[in-house]
Each structure stands twice: as structure tokens, then as C-alpha cells.
Amino acid sequence: MVVNIAQGSASPKIAAKNQQALRQVWETIEPDSCPYRYNFHMHTIYSDGRLKPEELIKQAITIGLKGLAITDHHSVAGYQVAQACIEKWQQESSFCDSLPHFWTGVEITANLLNDDVHILGYAFEPEHPSLKRYFTGTAPTGNDAKAGAVIDAIHQAGGLAVLAHPARYRKSADELIPAIANLGIDGVETYYAYNNPKPWQPSQRPSTGRA
């Protein structure tokens, strides 16, 4: 499949919420897609990452990344800074042809089967009221922390919800994936570096889904 995700003259704010383009890209993802073509699980100094958002985007441009999402924990502040940089650079001829497609993203802690799991949100409206309570910089509590509530909030904001690193939790992926599928999850993160190798490479673990 050939996927055309060039932002062209489209506003980065509009492109960041292009759910259809994101779904098309996901259909093409293979183990070697990350980190040099696509990366949909990245953090900045606005949660537990080491790079400033503008540094991350410059690095993405340098390695020729085609698409990415910043998924800071419980925050879209890093996304907002990076988006502003992309909007500026889009006007500069030296950058406009090399800018990757940039989607909105976030990682939210949720409760599923009495286990803490992480749910990734993509291509959502970052200012939607349903997500405001999840962008406080800390994990949600009470009913807001239920996996179903997190998924519903992402969907209400027009986004896609994905279970992050399913083999990283106390309960097995065989237990968690069917349970979260019943709650309307849109996908499961298939390729993840569980052992944090450098350079990045996907762990050889069995998977049951793709995102």
C-alpha cells in the first residue's frame, strides 16, 4: 500500500487529527518501521522524556521520519510546543519538504481488571472537554481511571485509543486484550522495545494485534 500523508499546505493542527491517514499508516507498520520511518510512542521533558519537543522534532527531521506522535503522560504540552515549531518551519523552504506528519498523542494510566495499564490516544482534538481531566500531569483516579472511561473520552474527542505495551503488566496480554477489546479499544501496540535496547529494536514477543 502507498500512503500519502504529506501535509502539503494543510494546517498542522488539522493534519494532527487526521484519523484516516493514521489508520492507513498503521496498516503498513512492520518491525523495522521504527525508529527510522514511524514512531508513535515518544516522550519529552513534559513527562518522562529527555528531549525538548523542538529537539525531538529536529531529530525526527534529521533521520527522515515520515510520521510520529508525542505521547507524554497525562499532558499535551509537549505536543503543543512541537506543533508550534512545525507551523513555523512549514513556512520555511529549507524545512517544508522534510517535515514528518505529526499527530496528536497522549499516554494515560487506566485501571483494567484491577491492573494499571497505559492507554495511548491519537488523532484527537486536544482541546476537547472530555479529555481535560486527563491532561493534569498526574494519573486519573476514581471512575475517571477506569479503562472504559479513558477510551470513551478519547473517542468523544475524535481520537483512536490503543493499549500500550501489552506484555508489560502484571496480568497477561491474553487476559488484558480481550477485556479491553470489549471496551472498544481501537488497537494494541504490537512493536515495543521491552528491554530498552540501544539502538531501538522491537522485542521478539508474540503479539495478537497491530497498532
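The values are calculated or read from the model by the stated rules, or taken from the named source; none is laboratory data. Note that the structure is predicted; figures quoted are calculated from it, not measured. Every residue, glycine among them, receives a Cβ derived from its backbone with ideal geometry; neighbour counts consider all protein chains shown.
Here are the numbers for this structure:
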{"read-out": "Among (1) buried (at least 16 other Cβ atoms within 10 Å of the Cβ); (2) at pLDDT 95 or above; (3) assigned to a loop (DSSP other than H, G, I, E, B); (4) not basic (K, R), the one test that G184 misses", "value": "(1)"}
{"read-out": "Qualifying residue in region 160-168 (condition: at pLDDT 95 or above and either farther than 22 Å from F40 by Cα or among the small types (G, A, S) (or both))", "value": "yes"}
{"read-out": "Hits in region 99-123 (condition: touching a Lys or Arg at 6+ places or on another chain (Cβ under 9 Å) and in a strand (DSSP E or B))", "value": "H101, W103, A110, N111, L112, D115, D116, V117, H118"}
{"read-out": "Restricting region 11-27 to residues that are exposed (fewer than 13 other Cβ atoms within 10 Å of the Cβ) and outside any helix (DSSP H, G or I), the residue that is modelled with the lowest pLDDT", "value": "S11"}
{"read-out": "I119 being in contact with a strand residue (DSSP E or B) (Cβ under 8 Å, 6 or more places away or on another chain), farther than 28 Å from P140 by Cα and of a type in the set (A, V, I, L, M)", "value": "no"}
{"read-out": "Some residue of region 112-128 being buried (at least 19 other Cβ atoms within 10 Å of the Cβ) and in contact with a Pro (Cβ under 7 Å, 6 or more places away or on another chain)", "value": "no"}
{"read-out": "Residue, surrounded by the fewest Cβ atoms within 10 Å (Cβ to Cβ), within region 34-45, restricted to residues that are modelled with pLDDT under 90 and farther than 10 Å from Y192 by Cα", "value": "Y36"}
{"read-out": "Failed criterion for S75 (all others in (1) in a loop (DSSP other than H, G, I, E, B); (2) in contact (Cβ under 8 Å) with a residue 40 or more places away in the chain; (3) over 20 Å from G158 (Cβ atoms) hold)", "value": "(3)"}
{"read-out": "Residues of region 47-72 satisfying the condition of being out of contact with any helix residue (DSSP H, G or I) (no Cβ under 9 Å at 6 or more places or on another chain) and without any contact (Cβ under 8 Å) to a residue 12 or more places away in the chain", "value": "R50, E55, Q59, T62"}
{"read-out": "Residue that is farthest from L22 (Cα to Cα), among those in region 129-157 that are of a type outside the set (V, I, T) and surrounded by fewer than 15 Cβ atoms within 10 Å (Cβ to Cβ)", "value": "G142"}
